[in-house]
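S.K.: Okay, handing you the structure first.
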Amino acid sequence: MPSPLLSRRDLDFLLYDWLDVESLTTRTRFADHSRETFDAVFALSADIATKHFAPHNKKADAQEPRIGEDGRVEIIPEVKDALELFSKAGLLAGGFDEEHGGMQLPVTVQRASMAWFQAANAGTSAYPFLTAANASLLVAHGSDEQIATFVPPMLEGRFFGTMCLSEPQAGSSLADITTKAVPADDGSYRLTGTKMWISGGDHELTENIVHLVLAKIPGGPDGVKGISLFIVPKFLVEADGTLGERNDVALVGLNHKMGNRGTTNTLLNFGEGVHTPGGKAGAVGYLLGEPHKGLSYMFHMMNEARIGVGFLATSLGYAGYLQSLDYARTRTQGRPLGAKDPASPQVPLVEHADVRRMLLAQKSYVEGALALGLYCSKLVDDQRTAESEAARARAGLLLDLLTPIAKSWPSQWCLEANSLAIQVLGGYGYTREFDVEQFYRDNRLNPIHEGTHGIQGLDLLGRKVIMQGGAALALLGETVGRTIAQATRAGGDAAAYAEQLGAAVGRVAETTATLWSTGDPAVALANSSVYLEAVGHVVVAWLWLEQLLAVGNREGDFFDGKRAAARYFFRFELPRTGPQFDLLASLDRTTLDVSPSAL
C-alpha cells in the first residue's frame, strides 16, 4: 500500500535514476555504504515515521505544550517516546563521522531519511532537526573539549540543541541584538539578555538542552561585526560528563503558534537571577571559536537549516498532495460535463478537469521542490567529498547561489500545494477532522523562519548573483545550458521545453544586469522578492527538464505522471516569469515611492 507521507517510488527515481547517489559509495567517506544500506535507512525511516510519528501528529497539535504548575513544560508523552526511538535507531547521528558515533551517511541520504519524519509530524521532527544542526556547528567550530562534552550526548539523544538568535526588539535584524557576554575569571562568560522565538527552547524531553546563543562582548565592534557565539547549556556539565548546577536560563513564556504546535517555542531570559550558578549572576556560557565571528559561525547552522526548512515545506506539501490525490480518486461527486442522463452514476473527483489541474499543480510543486532539495543536498556532498578541488569549489559556488531558492521556493509553492489540497477536499478539507488543514497551518511558518522571503530575496539578488563578479550566476547558466543542449538533442517535447527554458535563462541574465546597471542598490533591490520568485521558477523548470530526460522513453503510470507534471510546469508555471521579468527590467519604483503614511 502506498505511503500517505511520501512516494518511495519518486525518491528512488530522484536519488538513483537521476542523481546517481549510489555513485557516492566510490568515495572514501562513503565506502562502507551501498544502495542496500541506503534503502535500509529509508525503510527504517518510513516505518518509524509511519508508526510512531504520524499517529500523534493531530494529538500534539490539539494538546500543544503548556507550562505546568511547577513551571515545567508539559508535552504529551508520545513525543518523548517517538524521539527516543528515533535516537536509538541511530538516525540522529546518521550523517556524522564514525568517531562521533555516526554512520557517515551522505547528506543526500540523510535529508531524504528526515523527510519521512517531517512529513509525518512537523512538530516532533523539529527537535532532532535542530539538534543535528547544533551538533554539526559544534563539530565544525568547537574545541576538542567542547565537542567531547556536548556532541556525543546530543547524537545519542540525551541532550537536544537550539539556536538562539532573535530578540524581542530586534527580530531578524541581528545587528541590533543586546544580549551581553562578560568574561569571567575562569575563562567562561556570563550572559545576560532575552531571546525570542526559540524553538525547542525548554522541555523535559531530554536530560539537558544546549543553547547556541548570539551575544556581544563589551568593547567589541559595532553591529554584526561585534557578535560572538556561545554555548549555554540548561544544566552545566561536569568534567566527568555528569550534570551539575542549573544554569541561569529561565523560561519566561511559550508562544502560541498557528501551526507547528508540537514544538515548544519560547521566550528565554539569560542571567536574570532565577538561577545563579556558583552564586554569581549571569548564565554561564562558553565562547565558540573566536570572538566577534559568531554570525559567520551561525550561518553554518543557518544555511543547513534553510535547506532543511525547504525540505520541511516540501514534505508537508507532499503529504497533502498524496492525501488529496487519494481523496479525489475515492470520493464520488458530480458527473462528467456533457453527461445526458442526470441519473447516471457520479464519478470520482479525479475525473473532473479542474480537479486534475489542482492535482497536477500540486504534483509539479512538490516533486519539483523535492528534486531541488535533493539536488542541493548532493551539492553539499560534492562540496565536501568530490575528488578534485575544482569540483568541490564548483559545487560550493552553485550551492551558495541555490540555497535561498531551496529555502524559499518550496516554502511558497508547497504551501500553495497545501492550499490546493484543501480545495480538492472542499468543505471537508477546511475541517480539523482531515489532515490537510493542519498541513497548511504547519507549513505557513516556513516562509517566515530561518529568513523570510524578503531576506532570501535580498540574499540572492544582493549577494549571491553578484559575488565573485557574477561567477555563481554564470555557473548556473552554464549548468542549465548543458541540460538544454541534451534536451535539444533528445527532440520532441524535451526540445520544445529546452527552447522555452533557454529564453527564460536569458531573461535572468539580462534582468540581473539591468537591475544593477543603475548603480543604486535601493532601486536594484526594491523588488528582490519578485526576482527570487521568478528565478526560482526558472530553476525548478530546469529540474523538471532534468527529470524528463531521466524518464526518457520508459513506459508506465509513474513515468507518464512525470511527463504530465513537466508539461504542466512548462505550460502553466514557467510563463508566469515573463511579466515578472518585465516588471523587474522596468526598474519599477512603486514600492520605493509610496509614502508610508499612504499605506
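S.K.: Take every DSSP beta bridge whose two residues both sit in the chain, then give the antiparallel share in percent to the nearest 5. Mind dumping the intermediate values first?
M.R.: Numbers: 31 of 38 bridges.
Here the share of antiparallel DSSP bridges comes out near 80 percent.
S.K.: Now for a separate question. Here is the link list: LYS293/LYS407; LYS195/LYS216; LYS59/LYS257. Which ones come out longer than 19 Å on Cα distance?
M.R.: LYS293/LYS407
S.K.: While we're here: Please tell me the relative contact order of the range 453-592 in percent, rounded to the nearest whole number, where contacts are Cα pairs under 8 Å and at least six residues apart.
M.R.: In percent, rounded to a whole number, it is 30.
S.K.: Mind checking the per residue accessible area of the range 453-592 for me, 1.4 Å probe, whole number of Å²?
M.R.: On a per-residue basis, the range 453-592 sits at 43 Å².
S.K.: Sequence gap at least 6, Cα distance under 8 Å: using those rules, report the relative contact order of the range 1-154 to the nearest whole percent.
M.R.: Details: 127 pairs, mean separation 35.9, N = 154.
Value for the range 1-154: 23 percent.
S.K.: What full-extension length gain, to one decimal in nm, is calculated for GLU478 and LEU583 as 0.36 nm per residue of separation minus the Cα-Cα distance?
M.R.: The span from GLU478 to LEU583 would gain 35.3 nm if fully extended.
S.K.: Going by accessible area, probe 1.4 Å, with all protein chains left in place, what is the ranking of ASP185, ASP520, largest first?
M.R.: Reading off the accessible areas and sorting them downward yields ASP185, ASP520.
S.K.: For a Förster distance of 30 Å, can you work out the FRET efficiency between the beta-carbons of ASP70 and GLU238, rounded to the nearest 0.05?
M.R.: Once the sixth-power term is evaluated, E becomes 0.75.
S.K.: Taking the Cα centroid of the range 76-90 and of the range 502-545, what is the distance between the two, rounded to the nearest whole Å?
M.R.: 44
S.K.: Dipole size in debye (nearest 20) for the chain around its Cα centre, Lys and Arg Cβ +1, Asp and Glu Cβ -1?
M.R.: 1340
S.K.: Tell me, in nm to one decimal, what length is gained between GLN333 and ALA40 on full extension, where the rule is 0.36 nm per residue of separation less the Cα-Cα distance?
M.R.: Answer, rounded to one decimal: 101.4 nm.
S.K.: Computed FRET efficiency, Cβ-Cβ of ALA598 and THR25, R0 56 Å: what is it to the nearest 0.05?
M.R.: Values: r = 60 Å, r/R0 = 1.08.
My answer for the efficiency is 0.40.
S.K.: Percentage of Cα-Cα pair distances in the chain greater than 40 Å, rounded to whole percent?
M.R.: Numbers: 49617 of 179101 pairs.
Cα-Cα pairs in the chain separated by more than 40 Å: 28 percent.
S.K.: Express in nm, to one decimal, how much length is gained between ASP493 and GLU555 on full extension, taking 0.36 nm for each residue of separation and deducting their alpha carbon distance.
M.R.: 20.7 nm
S.K.: Report LYS180's accessible area, 1.4 Å probe, all protein chains in place, as a number in Å² to the nearest 10.
M.R.: Solvent-accessible area, nearest 10 Å²: 90 Å².
S.K.: To the nearest 20 debye, what is the magnitude of the charge dipole of the range 453-592 about its Cα centre, counting +1 on the Cβ of each Lys and Arg and -1 on the Cβ of each Asp and Glu?
M.R.: Its charge dipole is roughly 120 debye.
S.K.: Right, next: Please identify the trypsin sites (Lys or Arg not before Pro) of the range 295-403 that satisfy two criteria: DSSP loop assignment and at most 11 other Cβ atoms within 10 Å. Which are they? The partial results should precede the final answer.
M.R.: Values: sites: ARG306, ARG329, ARG331, LYS340, ARG356, ARG357, LYS363, LYS378, ARG384, ARG392, ARG394; in loops: ARG331, LYS340.
Counting only loop positions with at most 11 other Cβ atoms within 10 Å, the trypsin sites (Lys or Arg not before Pro) in the range 295-403 are LYS340.
S.K.: Sticking with this one: Using a probe of 1.4 angstrom, how much of the accessible area of the chain is carbon and sulfur, in percent?
M.R.: That share works out to 53 percent.
S.K.: Here is a follow-up. Using the Kyte-Doolittle scale, find the helices of the chain whose mean hydropathy is at least 1.0 and whose Cα atoms extend 15 Å or more along the helix's long axis, counting only whole DSSP H runs. Let's see the in-between values first.
M.R.: Values: long enough: 35-48 (20 Å, 0.50); 77-88 (17 Å, -0.36); 107-120 (20 Å, 0.46); 122-141 (28 Å, 0.81); 144-155 (16 Å, 0.38); 294-330 (53 Å, 0.24); 353-385 (47 Å, -0.03); 389-425 (51 Å, 0.44); 471-490 (29 Å, 0.60); 492-516 (37 Å, 0.26); 528-551 (34 Å, 1.28); 557-568 (16 Å, -0.88).
Helix filter hits for the chain: 528-551.
S.K.: Can you give me the relative contact order of the chain as a percent, contacts being Cα pairs under 8 Å and 6 or more apart?
M.R.: 12
S.K.: Given a cut-off of 16 Å, what percent of all Cα-Cα pairs of the range 488-575 lie beyond it?
M.R.: Summing the P(r) tail past 16 Å for the range 488-575 gives 57 percent.
S.K.: How much area per residue is accessible in the range 1-156 when the probe is 1.4 Å and only protein heavy atoms are counted (Å²)?
M.R.: For the range 1-156, the per-residue accessible area is 41 Å².
S.K.: How many angstrom lie between the Cα centre of the range 556-576 and the Cα centre of the range 135-210?
M.R.: Value for the Cα centre distance between the two parts: 45 Å.
The values are calculated or read from the model by the stated rules, or taken from the named source; none is laboratory data. Quantities reported herein were computed from a predicted structural model and do not represent experimental measurements. Glycine also receives a Cβ, built like all others from the backbone with ideal geometry; neighbour counts cover every protein chain displayed. Just so you know, the surface numbers come from the protein's heavy atoms only, side chains and all, with ligands and any DNA or RNA stripped out. Shrake-Rupley method; radii C 1.70, N 1.55, O 1.52, S 1.80 Å.
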